[in-house]
1. Can you tell me which lysines have their Cα less than 17 Å from the Cα of residue 58? Leave out same-chain residues fewer than eight positions away.
2. Enumerate the amide H contacts of residue 147 below 5 Å, restricted to partners 5 or more residues apart or on another chain; note that Pro and chain-start residues carry no placed amide H.
3. May I have the pair-distance distribution P(r) for the chain, computed from all Cα-Cα distances with 10 Å bins from 0 and rounded to whole percent?
4. For an R0 of 35 angstrom, estimate the FRET efficiency from the Cβ-Cβ distance between residue 160 and residue 197 and round to the nearest 0.05.
5. Non-local amide H neighbours of residue 120 (under 5 Å, H modeled in plane, Pro and chain starts lacking H): which ones?
6. Enter the mean projected area of the convex hull around the alpha-carbon atoms of the range 69-201, in nm², rounded to one decimal.
7. Taking Cα atoms, how many degrees apart are the long axis of helix 196-266 and the longest axis of the chain, rounded to 10 and kept between 0 and 90?
8. Counting only C-alpha contacts under 8 Å and six or more residues apart, can you give the relative contact order of the chain as a whole percent?
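Every read-out reported here was derived from the displayed coordinates using simple, explicitly stated rules and does not represent laboratory data. This is a predicted model, so every value here is computed, not measured. Here the Cβ positions follow ideal geometry from the backbone for every residue, glycine too, while neighbour counts run over all protein chains shown.
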Amino acid sequence: MYGQGIAKGLWITFKHFVNTYVDDLRYAGRKYISDDNFEIRQSPKSQGAYTVQYPDEKIAVPERFRFTPFLVVYDHDDEERPGQDWCTSCGICAKVCPPQCIWIVRGQDPNTGRPVPEPEAFFIDIDICMNCGYCAEFCPFDAIKMDHDYEMASYDRTTTHIHDKERLSKEFSYWKSIAPTRAYEEMEARGGWDHKDIQKEKAKAAKAAASAAQAEAAPTSDQPAAQAAAPEQANGASDADKAKAERLAKREAALARKRAREEQGEG
């Protein structure tokens, strides 16, 4: 029968409309007074329509909510790499950005002039950014994430809405606080909480230390065996010389007998 979908939709809308007033009567005018009531209103237990008293009340955003991007850096109280960038200025985020709102200046070594894997400058125009999340999705080092801060309105377009590296950089602990589940999933996929390059450096250092320890332990353990093998090698060399001398003597004797037979035949 035609029109059933329209009828069901209108019925749901009517129930939602009625539940709004039923919910108001249930709270007896205290619906917008207590903070506990606000938690109930924004939970699945809420009924009907309600008003959010913004900015005094703010609806909690989900963990996968995305707004403007930010750059991940090590915590400033980190013992080994305080405030170090995760970004290697590879430029992938700028290439995949649909509105092209990302600009990166790669760092250079002041002594050699060669590029270094860290950004010297990083800019994002948040008025052009469409919050698609491609930059965070394609970043191979998990160095760029989507923030939950959506309160960025201002009257200054040129300076306030173009975020530089200082404003974009936020500590890794901040990312773990706003998205703990995603941060843990990324840690498992990455193989640790550290940056991929740092994990490689630690693995190389551990391997080098193990090789050095093995090299230091090798002379002490192999020295008795080498000393015991030296006489055997000397005895083996003397036995080889004796066998060679015996073969030469036998050859000379055979040649002498051959010459004797030839002389007897001629006589």
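1. Partners found: 31.
2. Residues meeting the criterion, in which the H sits 1.01 Å from N, are 67, 68, 70.
3. Spelled out bin by bin, the chain gives 5, 16, 17, 14, 12, 8, 6, 5, 5, 4, 3, 2, 1, 1, 0 percent.
4. On the way: r = 33 Å, r/R0 = 0.95.
According to the calculation, E is roughly 0.60.
5. Here 105, 106, 107 satisfy the definition.
6. Working: hull surface 36.2 nm².
So the Cα hull casts an average projection of 9.1 nm².
7. Taking Cα atoms only, the helix is inclined about 20 degrees.
8. Value for the chain: 15 percent.
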